[in-house]
Structure formats: structure tokens, C-alpha cells
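The next block holds one structure in the form of C-alpha cells; read it before the comments.
The values are calculated or read from the model by the stated rules, or taken from the named source; none is laboratory data. Keep in mind the model is a prediction, meaning the values are calculated, not measured. Here the Cβ is made from the backbone with ideal geometry for all residues, glycine too, and neighbour counts use every protein chain on show.
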Amino acid sequence: MKNSNSHIYLYAKGHYLSKVMMDDLQVILAQRNAVDSVYLQDHDILQIILGITVPFLQKKDAHMLEEFLLRLSPTQNWRYDWKSRGPVPTFEEVLVSRCLLVLQQTEVFDGKGNAIIPLDPPDPLLLPIKFHGKKEGAVDLVRGSLAVIPA
């Protein structure tokens with residue numbers, strides 16, 4: 001394993017098919033922490049995701065941290081179209097969603113294609129993988145690993 005947080009980054013960057021964010025993260029974090037998913041509550045998920053995200057916020061300028069915090073306001077959530085998604089999200093869901101946006105934008109490769117943050121390949125046994133290829137049998141380069149799209 002290159003990085004215990006690989007699948008969190010891959011999820012944030014859209015390499016897994018997403019169903020219900022908190023349920024998906026519960027599966028990923030249960031595997032990462034070697035615990036049964038029933039023992040991971042939304043607050044636990046938030047605490048783990050924050051622990052991964054905060055160092056990136058601390059490295060960036062104050063504007064990024066300010067923007068991150070301001071967008072947590074319940075009056076600002078209209079920007080993310082929460083109302084049309086169904087029930088109003090919990091505090092944990094809003095904060096985890098914002099953290100995933102930060103991780104999504106985090107560079108994992110430098111300008112020369114060298115890994116800044118080494119990542120393991122997506123694991124189809126963990127969550128369904130989102131293939132970016134256009135045809136059956138096409139080869140998809142997913143963060144340094146080859147995956148063949150099933151026919």
C-alpha cells in the first residue's frame with residue numbers, strides 16, 4: 001500500500017461511482033482502519049476526513065481557509081444545490097463535502113507526471129470504479145495504474 005488515504009483521494013477525484021457520500025466513505029474508511037463499518041458514525045467520518053484535509057488548508061493562503069469556512073454557512077449551501085438533492089444535509093455531510101472538494105483539487109502529480117502523493121489503484125472490491133474510457137475493452141490510465149474496461 002502506497003498511501004493509506006489513497007481511496008479517499010480517488011473517491012474525491014471521482015474515480016469511484018458515488019451513491020451516498022457518507023455510506024461510500026464509511027466503506028472506504030472501514031477498510032482503511034480495519035474495522036467493521038457499523039462502528040463508523042458520521043462524526044467519525046468527519047473527524048478522519050478533516051484530519052486529511054486540514055494540512056492542505058494550512059499550506060494554502062489565508063483566502064482558501066476563509067473561503068472554506070464561509071461556504072460552510074447554511075445560507076451559502078444554495079450554491080451547491082442542496083435543496084434539489086432531497087433532505088437538507090447534516091452539518092457533517094456539508095463539512096465532509098467541502099473537504100472532498102479540497103482533496104479533489106489537491107495535486108497528486110507534479111508538472112512532469114511524478115507522484116507528489118503516491119496513490120494505490122482503485123479497488124473494484126471496495127466500491128464500483130468509474131471508468132473514463134469510451135469503449136468496451138478500452139484501457140484507462142487511473143493514477144498510474146492500468147485498468148481494462150470490462151466488455
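Tabulated results
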read-out	value
Odd one out for LEU65 among (1) more than 18 Å from ALA12 (Cα to Cα); (2) at pLDDT 80 or above; (3) aliphatic (A, V, I, L, M)	(2)
Subset of region 99-133 (residues that are part of a loop (DSSP other than H, G, I, E, B) and free of Cβ contacts under 8 Å to residues at least 12 places away in the same chain)	GLU107, ASP110, GLY111, LYS112, GLY113, ASN114, ILE116, PRO124, LEU125, HIS132
Selected residue [surrounded by fewer than 12 Cβ atoms within 10 Å (Cβ to Cβ), modelled with pLDDT of 55 or more, closer than 20 Å to LYS13 by Cα and of a type in the set (A, V, I, L, M)] from LEU125, LEU95, LEU119, LEU141	LEU125
Matching helices (runs of 4 or more DSSP H) fully within region 1-75 where at least 3 residues are out of contact with any Asp or Glu (no Cβ under 8 Å at 6 or more places or on another chain), free of Cβ contacts under 8 Å to residues at least 12 places away in the same chain and farther than 23 Å from PRO87 by Cα	42-59, 62-70
ASN33 in contact with a Leu (Cβ under 8 Å, 6 or more places away or on another chain) and of a type outside the set (Asp, Glu)	yes
Scan of region 11-49 for residues that are surrounded by fewer than 14 Cβ atoms within 10 Å (Cβ to Cβ) and aliphatic (A, V, I, L, M), ordered by number	LEU17, VAL20, ALA34, VAL35, VAL38
Matching residues, region 42-58, being within 16 Å of GLN104 (Cβ to Cβ) and either aromatic (Phe, Trp, Tyr) or over 13 Å from the mean Cα position of the chain (by Cα) (or both)	VAL54, PRO55, PHE56, LEU57
